[in-house]
Amino acid sequence: MDLSSRTLQHLPGLLAGHRRRIGSRRRRLTCGRQAQLVLAHLRYGDTYARLAAGFRIGTATAYRYIREAVDLLAALAPTLEQAMETAQKKAYVILDGTVLPIDRIAADR
C-alpha cells in the first residue's frame, strides 16, 4: 500500500492496545493484518466480500474488524466544536480533509 510507515505502524498499535483493554485473546488476524485490511478498505474502497476473500476470513468478520478500527480512529478525531474553533483561526479551510500545498505568490507571477 502506498501509505506512510507512520500510518502503517500507528493503527496496529491502537488495535493492540484496544485488544489488551478488552481482554481479547485470540483473533483470526494479527493487529498488523487487521490494520492492512482496514487501510485497504479505507484507501481503495474494497468491498467487505472482496476483502474477506483476500484475507481468508468471513464477510461478517471483515465488517467487524473494519468497524472496530474505524471506531478507534474516530475516537481520536476532534469534536465538531474543536474543529470549528481551529477552522476559525485559519485563512481558508478545505472541508473534504484534503491538504494541498499552495504557493499563492508563485501562482501570481
Neighbourhood charge, 13 Å Cβ-Cβ cut-off, centred on Y48 and excluding it, Lys, Arg +1 and Asp, Glu -1: +2
Note, ³J(HN,Hα) from phi for segment 52-63, Karplus 6.51, -1.76, 1.60, rounded to Hz, x at Gly and Pro: 4, 5, x, 9, 6, 10, x, 4, 5, 5, 4, 4
Starting from 0.36 nm per residue, how many nanometres of slack lie between A91 and R27 once their C-alpha separation is accounted for? 18.4 nm
Report, in cubic angstrom per residue, the convex hull volume of the C-alpha atoms of the chain. 144 Å³
Accessible-area order for V93, V38, V70, largest to smallest, probe 1.4 angstrom, reads V93, V70, V38
Ignoring any ligand, DNA or RNA, what whole percent of the accessible area of the chain comes from carbon and sulfur when the probe is 1.4 angstrom? 54 percent
Hey, can you find the accessible area per residue of the chain for me, probe 1.4 Å, expressed in square angstrom? 77 Å²
Using mean Cβ contacts within 10 Å as the protection proxy, how do 9-22, 52-65 order, highest first? 52-65, 9-22
Please compute the modelled spin-label separation between A77 and A49, points set 7 Å along Cα→Cβ, answer in nm with one decimal. 2.8 nm
Could you order E68, E81 so the one with the most accessible surface comes first? Probe is 1.4 Å. E81, E68
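The values are calculated or read from the model by the stated rules, or taken from the named source; none is laboratory data. All of these numbers come straight from a predicted model, not from anything done at the bench. Please note: Cβ atoms are built from the backbone with ideal geometry, for glycine as well, and neighbour counts cover all protein chains shown. With ligands, DNA and RNA removed, areas are computed over all heavy atoms of the protein, side chains included. Shrake-Rupley method; radii C 1.70, N 1.55, O 1.52, S 1.80 Å.
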